[in-house]
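Novice: Attaching a single structure in structure tokens format; questions to follow.
The values are calculated or read from the model by the stated rules, or taken from the named source; none is laboratory data. In this text the structure is predicted, and so the values were computed from the model without any measurement. Ideal geometry is used to build each Cβ from the backbone, glycine not excepted, and the neighbour counts take in all protein chains shown.
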Amino acid sequence: MIKIRIILPLMVALSVMTINWSCAQNFPEPQMKRKFKADTLVLDEQNGDGAFKLRHKLSQKWGLYQWLYRGLMTRELIPMAYDSLEFIGINRPFAIVYQKGKHGVYLSGWNYENARESVPCIYEDSKIFIDGNRSCLAVKKASDWFWVNWETGQEFRDQTASDPDQLSDCPRID
């Protein structure tokens, strides 16, 4: 019984690593860079979902795309309009995007049919908290941290703090 408990997770981990490695090996990076007129491409090797970030040569703006594992077929997740952006985390409904040093939120194309920037890039800093199955977003503006609804951009300023970890439980967002 002990051998199975150790070997099975190890086999699963090795097979996932092999799948991610083989997908990365077949990823048409030079062709994607040409297709999007990009000078930089970064694969999301942690998720293994075909997601990659691109920076446009001329505008220097970043976008997020998903390779559909067929030739150069892709899906746009976040348009090339941001100074920087993070990958969409596993089971996360959004990504943090950056414009002129400010933080905002872009809804995930995997979770929303009409993915869009839901929180404008107007915040000095941001921190994502996971509360059970919920993702909560604390933002900083004018030296105050408070909660914001990442889906609508609504601010909850009824409680503020000098540190995001001092905020009480994130509000219920329905």
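Novice: So which of Lys100, Lys33, Lys53 ends up being surrounded by fewer than 18 Cβ atoms within 10 Å (Cβ to Cβ) and over 23 Å from Val139 (Cα atoms)? Full working, then the answer.
Specialist: Working: Lys100 fails: over 23 Å from Val139 (Cα atoms); Lys53 fails: surrounded by fewer than 18 Cβ atoms within 10 Å (Cβ to Cβ).
When all the criteria are applied, what remains is Lys33.
Novice: I've got another one for you. Look through the range 130-174, keep the residues that are of a type in the set (Gly, Ala, Ser) and surrounded by 14 or more Cβ atoms within 10 Å (Cβ to Cβ), and return whichever of them is nearest to the chain's Cα centre (by Cα).
Specialist: Ranking the candidates gives Ser135 first.
Novice: Here is a follow-up. Can you go through Gln60, Gln46 and tell me which one is within 21 Å of the chain's Cα centre (by Cα), assigned to a loop (DSSP other than H, G, I, E, B) and modelled with pLDDT of 95 or more?
Specialist: Matching residue, one of Gln60, Gln46: Gln60.
Novice: Which of the residues spanning the range 67-81 are in contact (Cβ under 8 Å) with a residue 24 or more places away in the chain and out of contact with any His (no Cβ under 9 Å at 6 or more places or on another chain)?
Specialist: Hits for the range 67-81 are Trp67, Tyr69, Gly71, Leu72, Thr74, Arg75, Glu76, Leu77, Ile78.
Novice: Can you find, within the range 78-129, the residue that is farthest from the chain's Cα centre (by Cα) among those that are among the hydrophobic types (A, V, I, L, M, F, W, C) and in a loop (DSSP other than H, G, I, E, B)? Working first, answer last.
Specialist: Taking the range 78-129 first, the residues among the hydrophobic types (A, V, I, L, M, F, W, C) are 78, 80-81, 85, 87-88, 90, 94-97, 105, 107, 110, 115, 119, 121-122, 128-129.
Subset that is in a loop (DSSP other than H, G, I, E, B): 87-88, 90, 110, 115.
Details: Phe87: 3, Ile88: 2, Ile90: 8, Trp110: 11, Ala115: 13 Å.
Only one residue tops the list, namely Ala115.
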